[in-house]
Each structure stands twice: as C-alpha cells, then as structure tokens.
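Each reported figure results from applying straightforward, stated rules to the coordinates on display, with no laboratory input. Small disclaimer: the values here were computed from a predicted structure and weren't measured. Neighbour counts run over all protein chains shown; Cβ positions are idealised from the backbone, glycine included.
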Amino acid sequence: MKQRGRALNSQLRNSFSYGGKSMRSHFWNRSAALLAVVAMAACGGGGGGSSEGAGDAAGEAAPAAAAVDPSTVGTISGMANFTGGMVPTMEAIDMSTEADCAAGYGADGPMAQNVLVSNGGLANVFVYLSEGVSGAPAASGAASLDQVNCRYTPHVLGVQSGQDIAISNSDNLLHNINATPTENRGFNISQPRAGITSTQRFAVAEVMVPVRCDVHGWMQAYIGVVDHPYFAVTGADGSYSIANVPAGDYTMTAWHEEFGTMTSSVTVTAGGTAEASFDYSGEMMGADVPMGEALVLEHGTKRIRVERIQ
Amino acid sequence: MAHAATAGRVPERGLDVYTQKVGMWVFLCSEVMFFAGLIGSYVVLRFGAADTWAEPGDVLNVPVTAFNTFLLICSSVTMVKAFAAAQEGDQRGIKVWLLATTLLGATFLGVQVYEYIELVLHKSWEGSHGFTPAAGLYGATFFTMTGFHGFHVLLGVICLAWATIRAHKGHWGADNTHGIEVLGLYWHFVDLVWIILFTIVYLI
Amino acid sequence: MSEAGGHAASAADDHAHEHPKYMLIWLYLAILTLLEVLVAFLAIPKWMIVVSLLIMAVWKALLVALYYMHLKFEPNRLRLVALAPLPAVAIMILAIMMEYV
Amino acid sequence: MATIVAEATGQAILHEEHEQSFLRKYIFSTDHKVIAIQFLIYTLFFLMIGGLLAMLMRYQIAWPARGELPLGGIFPETMVASGYILPEFYNALVTMHGSVMVFLAIMPMLVGVWANYLIPLQLGTHDMAFPRLNMLSFWAMVPAGILTLASFFVLGGAAGAGWTLYAPLSARPDLTGVGLGQILWLLALVFIGLSSILGSVNYITTTINMRAPGMTWMRMPLTIWSLFITAILALLAMPVLSAAGIMLIFDQTIGTSFFLPEGGGQPLLWQHLFWFFGHPEVYILILPAMGFTSEILSVGSRKPVFGYKAMVLALVSIAFLGFIVWGHHMFQSGMNPTLGLAFTVSTLFIAVPSAIKTFNWMGTMWRGNLQLHSAMLFAIGFVAMFAIGGLSGVFMASTPVDIYIHDTYFIVAHIHYVLFGGSLFALFGAIYFWYPKMFGRVMNETMGKIHFWLTFVLFNVVFFPMHGVGMVGMMRRIYDSTGYAHLQGIEDTNALISWAAFGLFASGFLFAFNFFWSLKKGKKAGANPWNATTLEWQTPSPPKHGNWEEIPVVYHGPHEYSHPDVEDKDWLAQNERPDVVSPAAGSH
Amino acid sequence: MDWALPPNYSTFGVVIDQLFWIILVITGIAFLLVEGGILWFCIKYRGREGARAHYTHGSNKLEIIWTVIPAIIIAILGAYSAAVWQDIKGASNRPADALEFLVVGKQFEWNITYPGMDRTLGTADDFTVLNQFHFPVNEDITILLESEDVIHSFFIPELRVKQDAVPGMTIPVWFDATQTGNFEIACAELCGLGHYYMMASVTVHSAADFDAWQASRASETAQ
C-alpha cells in the first residue's frame, strides 16, 4: 500500500543536498591519504584540501586597525545597473498565515526581493575587492541583521571575517536563522519572540553565505564574508561607495543572487575616487550564482528556482 | 508447603558448568544480539535498495577474502588444539598452538587492513574514486559489519597474545584450562560470525 | 558433590569425544568455504545460489558451535543459554522484514 | 563446585579486607556493596539533574509568553535569551530530561544499585561472579555521565531530537543546529550499553551459578527473579541499541546513510531498532520495581507473597512478550498496518500478566497485618500508581484510539505513571527499606512519611491532569501550546501542573536531607530491623566485605511470614530450619 | 479546565471516540476496583499490636479467575480494535475514487498540492499552497503524505487523523469530514526547533465552495 521510492512528483520536491557534502568527500580523501601514509610508510600525500588556513592567517595577520592615513587612501564608488530592459516582476509573497507580518505591507502586499531595480539601478548587489588587497584592518563594530515583518533587513549583508553579526528579531513570533555556509561553521538558531538578539561570527571569507528561515519559506538573506573591510552592498538606487581603500590596483567582484558575478579592474589613487560600475543584462537571469547549493524558494503558490549551473 | 519437606534436599548447584564458562556464554548472547542488529539492518537495507548493491566480486576481492576466511578457520583449529594440549598438560603444545592462533589472527587483521586500503584508494564506486563507508548503503554496511568484526578479532588477538605470554610462563596446564577454553569460546564465536559475514557480504 | 567431582566429570566428557575430530572438522570447514566460493559464481539462478550459500553458512556455523565450542558435549542447560537469543534475533529480523510484505 | 570456588574467593576477600588502600576500598572497589553505593550516589545526582531539566520545561510550558525565567541570567545566550528559554534549548531539555532519567537515573538505580547490592546478599554468596567486570560496569557509567553533562556546553547545545533519537532529525546537524551534542550523547549511550551488558553478564551468571546451597529457583526472592529477568532483557536489548547508536554516529560523522533516505537509508529502520530495544527497556525500568514491591509488601504485610509462582510466571511472560510488542510505539509511524494489527494483539495481552501481578499484590495485603512505614507506603503507592499507568496503557494499545492520543500528553501522563509513580515510588520504597542494611541506620520515619505524602499528592496533581490535557489534544514536546486554536483553555491546567511539579521537585530535597541526615543521626539498625526473612537480613548491617563468615544454607521459600507453626515470632528466615525454631513444624 | 476530546468532525472519529469511551468505562471500573481495594485493605488490615496475618501462599482458583477474566476482556477489546483499525487504515479499505491531495511536510511548513479542477494529481493544473488545506465536506479525501527532511506528523485533532510523514515514503491517509469548519493541522512529531510553530489552517468547505475556492486560487496561480 505504500509507495516507496523517492519522488511522486519530483518537481515538487526540494532536491536536497548537504551543505557539508564537499566536506564529507574531503574527509575520505584525507582519511584515505592518512591510511596510505600509515600503511605504506610513504611520505607526502597529506597535502590536499586545507582551504581554511589561508583565511585564518589573513584574518590574524591583518595589522592592527591603525588610524587611517588619509594621504594613502582613496574611494571607490559606482553603480550596479540593470540593462536588461524589461524588469522581471517579482512574485507576491503569500503571508496570509502570518497576519501580523502581512499587516506591515501596503495594498500590494509583500513582494520577493530577488531583483530590485529602481531607475536602472540594481539593488542588493554585493561588491568587494577580490584581488590585490594586502593586509587590512581588523573588523570592528557589529553588523546587524534584523527580521522585520517576516523579511530580513537587509536582504544582502556584507561582513568582515571575524566580525560580530548581531541578529535580532523585531517580529513577536518565531523565526529561525539557518545559515548554511560551505567553508565556515553554519548555525541554526531560533528567536521565538521580539527583542531577542544573538551574536554570530564567520571566521573565514566566503561569498555568499545563504541564510534562511525554515518557518517562513520566503525568508532569504545572503551574507558576504570577506577578510577585509573593502566591500559594499548597493542601495535601492544601485549605487555604492567604499571609502578608505589603500591606493593600488585591484580586481573588484560584484555578486547578485539572480545574475551571478562580474569582475572589473579598478585603480585607486590616494585621495582620489575610482569608478567601477557593473552592468547586468536580463539574459543573465539564472546565471551561475556561486553559492554552496541549489536553492528552491517556495513562496506559497509561486516558486522561483535558482539553479546552480555547472 | 515450601519448607519442611524439602529441608534435607541436596542443594542445587547451578549449571554444573564452571562460572567463567557460563559468563562467557552469557556475554556471547549479547554479542549475538549486537551482530544481529548490524546484520538485520544490512538485510533490511539491502531488501529496500537491492539495485544499489554490486555483484559479488565486482568491488570486493573474493579470492583474497576467501583466503582470509581460510586463515580464520585455521586459527579456530589451532585454538582447539591449544585447549586439547592444555587438557593433556602438553606445555609445548600449548605454547605452539596459542602462538599459531595469535599469528593467524594477526595475519587475518593484516589482510583486512590491506583489503580496506585497496578499496578506499584504488576502487571506484558509482563514478567516485574510492570505495568508502560514504559509498552508498553498500559501502556503509560493508565497512560497518566487517569493521566491527575486525574490532572483535583485534580484541581476540590482544587476549591471545596475553595468553601466549602466560603460556611461556607456564601458567596453563592440565589443572588450569579454563582460561584457554573461555578465550577459545570467544575466538570461535568471532570465527562463526565471520562465516556468516563472508557469506552474506561477499558471496550473496 | 564436590567441586573436584564436577570438574573431572566435564573434563572426562571432553576427552571422550573431541580429539580425533578437530582436524576433520577443519577439513569440512575448508572444503565448504571452497564450495561456497565456487557456488557464488555459478551461472545458476540467483535464488538457488542464495539458498545453497545460506545452507552452507549455517552448516559451517553449526560445525563450529557444536564441535569447536563444544556445545555438542555440554549439558542441556548451557545449550539453553547459548540458544536463548536466537528467537529474539528471528523475531526482530522477521518483523522488520514485514515492512516489505 | 561453583559454590566451592565462590567460597574460596570469599575467603580470599575476607582475608584481603584489612590490607586495602582507600582507593581500592572506596573508589576502585570490587566489592558489590561499595559499587552499589557508588551507583546510588551517581544516580541520585542524575535524578536531581533530570528533575531540574523538567522544572525548566514546566516553566516554559506554563508561561510561554512571560519570559523572565528566574535565574535566566546564569544561562548562556544560546540557551536563554532575554529571559526566554529558546526553542532549541527546550528541545534539548525535553531530550535530555528523558535520556537522563531513563539511562542515567532510573535504569542504573534499579539495576546498578539494587542488582549489585541484593543479588549476592539475597542469594547467599560472597560477591558477584566477576567482581572486576562489576567495577568496570560502574566506571563505564562515569564517562557516560561526563559526556552527557558536557554535551550541554558544546557548540549547538545538547541533543535535541527527543530521547527516542528519531532519524533523520538526530542524524542531520544541519536540520537541528545540534552537532557535537548529539554525537556526545550517542557516545554516552554506547558507554551505558557497555556498562549495562557487563552488569547483566554478572547478574545472570551469579544468579545461575552462585546460589547458596538450597537456594533453588523457586526459593529465590521475587526481587532476584525480577532482577534476573531484567538482566536478561538488558543483555539482549542493549546491544541492539548500541549497534543502532553506532550506525547513527556513523551517519553523522563519516557520511554513511543508514537512516537517511537521501542515501537510500530508512528512517523507519531506526525506529524498529530503537523500539526493539526500547520496549524491553520499558520492562527493564519496571520489572525490578515490581520485585521490590513484592518484597516490601510481603514484609510489610507480614504475609507470604500471594501467588509466588504466578508472580514468577507473570514476570517471565512479561519479559517474553516484551520482545514482541515494540511496534506499538510505531502505530502512526507509517509502518505496515498489518504489522500494526499483530502488535495490537500482543500489546493488549501484556495487560494480562500486569493484571495478575496487581491482583497478587492486593492478595498479599489481604488479611495482612500491615506495617505502614515509609517503605511500605511507597510500595502501596507503587501498586496504586502502577495500576493507573497500566490502565491508561490500554488506551494506546488499542490502535484506533492511539491514532488520536499518540504523541499527546496522554502518553506523557502514561509514561510518568509507570516510570515515576511506578519505578521511582518503588525505588524510594527500596531505599527506605534497604537503607538500614546499606548504612546500618534507619532513615527517619517522620520525614519519610511526610516525603511520601508530599510525593504522592503532588505526583497526582502533576500527572493526572496530563491525561486531560492529552485528551484535549496537546502534543508532546511542544514549546508553546498557546498558538493552537484547539489548545485554548488549558493554560490554567498547565500552570497548575507546573506549580505542583515545582513542589514535587522540592519534596525530593526533603528526601535527600533525610538520606544524608540519617547517615549520621538515624536510629541504629540491627541486622534485621524489619524482621524480614530473606538472606540479606541474616548478616550484620552493613555486611562485611565478603558478606558471610560462612555461606548460609537455605531451607525454604523466601517469604515465610506468620507461619502458623512458628510461635514466638511471625517470620522464619530462609536459613532457619523450621524444626529447629519450632519443633512442631518439623512434623509436617 | 475542559478535559475532553475536541468535537469530532469525521466519520472515523465516531468509532474512535466510541472505542475511547468503552475503554474508559472498562478501565474506570478496574480503576475503582483496584484503588478501592487498596484503600480498603489499608484501613481494614492496618497493623495492630498482637495481630497476626493470615498465612497463605495464594489460591490457584483465584489466579485462574484473574488471569482468565482480563484475558477475555482483552481479547474482545483486541478483536474490536483490530477490526476498527482495519477499517480505518487497512490498505483494502482505501477509498477508490477519493479526491487526492499531496501534502509535503518540511521544516516547518506544510505544502499542500491541490489536484486542480480536473480532480487529479500530477496534471498541469495542480497548484501548491503553503500552510492552507482546503477540502470539501462529505467526500472521501485521500492525502498522500510525504516529508522532505525529517519525520513530521500530520495531526488534525477534530478529524481524529494522525499520521507520521516519513522522508522517503509516500503514505496515503484517508478520511471524510462530516461538517464544514475551520481547524488546524498540527505537527505531532518532534521535528526541530520550530516544531511547535508548524501549523497550518484547515478549511472544510461545502463542495460548491471548494470548487469556487480552487478556481479562484488556480486562476491566481496561472497569471
């Protein structure tokens, strides 16, 4: 009478994969190597796969956050533009099961935040210096991630590795905060009432760490972790600005949850303002979004599938 | 009713089997249940996902393991020989047979380690490199069952080594066979489990 | 009933049966192992292989238990101890297998 | 022969006594009585820990919206934030309350303490068959306890998948946020299994082979029978749990997928293995209590146990049935419904031996001369509460009714009537009863009686309403019930339960005070303060290392009270010959 | 304090409740007998100076009586329970032409897939709604219960329905509501830190209302 087997309707199912899958294969490669070393008394073999060391070292080797000498630094600013013409319409979120949250939205009701375009500017793009940074001040202060009306504020957050992230709940109902990084240690905590705050950290650079709430399937946020303070998230108008960047040549990367990554070279001069903008076109929808795993966002009746394309 | 009539009766004497032997058999009962848990899970999981199992010999090296099985059978016979020698007070026999058992057990372990290394490093399974416990239910059940059996053999070998050392000090003899018999029971049980495992894991 | 009496009796039991057979049992076991390996690769239906392999495995296990573990020569009460877990094993495996009926 | 060997070791033990260092005598002791006392202290400690966890739960259930947990500040932010117990901590509380109580408090208290203490004494032997294994069985519990306590303070907190550890929840750290805590608890479980198996081997072997001359099977006190049957259950059930637990550890750590459907594994397999262990475990937790009760009732009523043979048969049949009823925990689990049918019938039939036992206890009290001391009160309390627990069990054994009450507070009420009203009442009784033998002094009676009445009344105020809450439909392990429409209107009941629970917990401290106070100030007890017949009372209190100068010879059954042929007293010890005590008896 | 079963809205609930009350009466009588007996004995036979207990080892006749009587009651109860269970859950009693829904449990939400206007699952007009279960009254309903991650338990107290959702399995559950109304689906199996919050609304419509609701919902999805 039972139908065993995976899928009655595979389309409806979330093809699940472990955040830790890659870690698992690491484990076996390492164990196998270890076994080989022990058994055959061969040397070498244990070389592969320690990706964590670099991040840690960078974090710790960073010089103490000395006062910034204004004569050696400049600013990067620019825009993330959407050049695709027709802006994809965002899906409505059915929050009817959480009336308190739904009440916080206007007549249109809550909408998904995957692609927010205003006057051609693309919001929620995470931009950061991906190459060329040598040494950086240690993190200071705490970044904050709030949960307001069953949505994350902000939707995309940048933090420095080791920096405190104060996660708080402004809704008087249960949210859980389930971060599933691949390089860092993940966490899955909950905040059942308003006013509860919890502090978390990510030790290693990782772009991006997906964060979701399992109670409210539509709640999704991304945290970009880099090991220097030279990052920004574009605002509602698509603009960003990164101050106090030491003069030099850099590669800059922009990340968007639907459109993937773009890179650009930028040269910062002391006291100057360098310009770096990123143009996203509509064809990039569903591009390779570098992240641990495939995400299926289920918004009540609607579903948006963001697949990682190999 | 329960008192006077039976007052003069001969007291009951347990099983008429010495306590250590009873204790070992009782312990073996729990070992049976432990392996039943593992083997039972194996049977059930395999029924549920028969298509993910390899044909005998495809992944596992049957000839090598058959040889290993033969080693364990030999170690069983040397173990009973040691017990027989003890009963007859044959000191040389005790030492030789116990040593042989220890060595055979150790060789079994060595072959098993070799087998594991070959599997983990040089076999491929379902496209991925290396046949590991993470390689589906087949790998998981294989390594769990043979691994726990191997662990039992290891414990047995350690005890046997200790018994062999004692033999060289002249500890055992016609008046002191209990230790060897009890250890033998454990060792034969390990052999017996392997007979089952070899059949269901390697050959079926 | 002194302790020496009980001891001697069981020792005498052992003496009466065991010595000549140990090597013979070993031979049986070795041959059965060889047969098992051969049967496993015969080109006959799978169920026949499984059944014959299981029979041989049980046979071997019985040989070890009865002769090497001396169950053949032990008093019934000890045999009872040794067999006690088997019903539990059977119940466990059979009931879980019911999931597939 | 066995006896002689035992006697020889006994001589050696007696000889050794003077030369032992403190460490050998009290810490790494191989004396079964010292090990029993070690177990007693260990389990009383964990009983308190388990109770404390329950108090936190009760606070949360009664006042989910209040926050302001008293002393909430002493907990780290990962457990209690802004005065609110966090759901993940609540899950850990639920899980660890069950686990600690079952595995670290009740089970080792029933078996570790009393099997160790009573088996050699009541059987008339010098010590266990394997004293060193016995020591090991205690010391295997120590890492288990340490791992359990430590698991609260590791990243992610303690195990949070329920004491039944249902996979995949227990196997997937990414779904619970609990990582190391779960693994530590499983490791603790493996140690507990080891301890329990080593203990059982000892108890069984000792009972089979080391009984005093004349101690035939049908002359063994019912305590021994129940402990013997319990040991068999533990011996056959614990290894299965160990095997399953190890597979679960592998699922978490090395990438196997025994219980994970993503890799082809089967979540239901875990449930089958767990409950194959779990149901015998339930009887492990109650059978010894039944034994103590039979013993105490007989002594307290000054009557032989009513229907001794029926009691033994009932024990044996409960043990046997215990292995074929596990499926009744899984009626709603998606198990094959036909299998459910078979389990319904076998489960209902386990009510029969339970009924036999209850009626026989009542028969024991009937026309007795009841001495209502604390131990006796707890024994009577056991019968009364066990009856309720047994009767409420009929509801869930009936599968259709179980559809509704499964996983509701009705089940919680049932298990506590059996485990608290049953096992723990009997354990309190046993402690009051054998305390004089252990420490040479009697526990204070007044405090004992106050303790009984507080416990009895508050226990019922706590757990009886849970039946009602369950009928309303309140699910188990719910952090906050106020959000459900069908659960409106039970807040007051929940608050009442919580207040009573705090009182119940507090009454435990009266017991603890009595326990320690009586060590020094209790009335001195002679060898036999209760005028009891079994062998342990025929040696000084506390007994010396080795128990007996000379192994006693047993002449008759265990509970010969008020024998008409014995004139000047109302009891006849097992090693007393009736024709010597009272020549008239010899003529039978 | 209202300790009662919630009002019943399903056909199976009638027999379940009936059985519940039957057992309550039987166990109630046994309860009074045992507790009353204990209390009576405690008072009547409390220890007195110089009294001596009645010496007896038991009575085989009594043993047989109190073995056989419970056994008979239990056997009858068992047979009746088994019959009812078979009616409710037996595979052969699965309604053939029931309206089918797919219910997928996931931490911490219930995803309900509706068959659409063609009343069949697995067709193009299926649509999925989060945490809202609507179905028509007086009609055989079968849900196919699945889980994506851990074990959940689908529990609607008023319909006397409870069934674990097990990942890797599809378990059919059928029932028939007798009145319209609004209830909740609760999760009855510990499924993680949001277990207590895993609820969904249930609306039992009249047949016409259900069609209307489905049509409006389907059109909303299509645009």
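Quick notes on this structure:
- D:Glu77 versus D:Gln488: modelled label distance in nm, points set 7 Å from Cα along the beta carbon direction: 3.7 nm
- Order of A:Asp94, E:Asp97, D:Asp579 - criterion: other Cβ atoms within 10 Å of each residue's Cβ, fewest first: E:Asp97, D:Asp579, A:Asp94
- Across chain D, Cα pairs under 8 Å and at least six residues apart give a relative contact order of 16 percent.
- Added length on full extension, which subtracts the Cα-Cα distance from 0.36 nm per residue, E:Ile72 to E:Asp118: 11.4 nm
- Neighbouring Cβ atoms from other chains, within 10 Å of the Cβ of residues in A:182-194, number 6 on average.
- Cα centroid of segment A:179-220 to Cα centroid of segment D:256-287, whole Å: 32 Å
- In chain B, helical runs assigned H by DSSP with n ≥ 4 each contribute -39500 (n - 2.57); averaged across all residues and rounded to the nearest 500, the mean residue ellipticity at 222 nm is -25000 deg cm²/dmol.
- Averaging the Cα positions of each part gives two centres, and for segment D:406-465 and segment D:355-385 these lie 14 Å apart.
- Residue order, fewest to most surrounding Cβ atoms within 10 angstrom, among D:Phe511, D:Phe153, D:Phe292: D:Phe153, D:Phe511, D:Phe292
- Footprinting exposure proxy ranking of E:Asp126, E:Asp209, fewest other C-beta atoms within 10 angstrom first, gives E:Asp209, E:Asp126.
- Within segment A:84-121, backbone nitrogen closer than 12 Å to the virtual label 7 Å beyond the Cα of E:Thr203 toward Cβ: A:96-97
- Point-charge dipole on Cβ atoms (K/R +1, D/E -1) for segment A:66-284, about Cα centre, debye to 20: 440 debye
- Per-residue [θ]222 nm for chain D (sum of -39500 (n - 2.57) over DSSP H runs n ≥ 4, rounded to 500): -20000 deg cm²/dmol
- Largest first and in whole Å, the equivalent-ellipsoid semi-axes of segment A:66-284 read 31, 22, 14, each the square root of five times a Cα gyration tensor eigenvalue.
- √(5λ) per eigenvalue of the Cα gyration tensor, chain D, largest first, Å: 40, 26, 24
- Net +/- balance of residues flanking B:Thr101 in space, Cβ distance below 14 Å, scoring K and R +1, D and E -1: +1
- Charge dipole (debye, nearest 20) of segment D:1-281; +1 at Cβ of Lys and Arg, -1 at Cβ of Asp and Glu: 400 debye
- Charge tally in the Cβ shell below 14 Å around D:Asn531, where Lys, Arg are +1 and Asp, Glu are -1, D:Asn531 excluded: -1
- Net charge, C:Leu86 excluded, C-beta distance under 14 Å - Lys, Arg +1, Asp, Glu -1: 0
- Remark: spin-label model distance B:Gln91-A:Ser281 equals 9.5 nm, labels positioned 7 Å along the Cα→Cβ axis.
- Span-rule helices in chain E, defined as complete DSSP H runs reaching 24 Å or more along the axis (Cα) with Kyte mean at least 1.6: E:11-44
- About the Cα centre, charge dipole magnitude for chain D (Lys/Arg +1, Asp/Glu -1 at Cβ), debye: 660 debye
- Long-range tail of P(r) for segment D:214-283 (Cα pairs > 14 Å, %): 66 percent
- Chain D: DSSP helices with Cα axial extent of at least 24 Å and average Kyte-Doolittle hydropathy no lower than -0.5: D:32-62, D:180-209, D:222-253, D:267-284, D:374-397, D:445-472, D:491-521
- Rg to Rh quotient for the protein assembly as shown, alpha carbon positions, Kirkwood Rh: 1.00
- Longest site-free stretch - chain B; sites: trypsin sites (Lys or Arg not before Pro), DSSP loop, at most 14 other Cβ within 10 Å: B:10-168
- Comparing Cα centroids, segment E:180-205 and segment D:509-585 end up 59 angstrom apart.
- Spin-label pair B:Ser128-C:Lys21: with each label point 7 Å from Cα along the Cα-Cβ axis, the two points sit 4.9 nm from one another.
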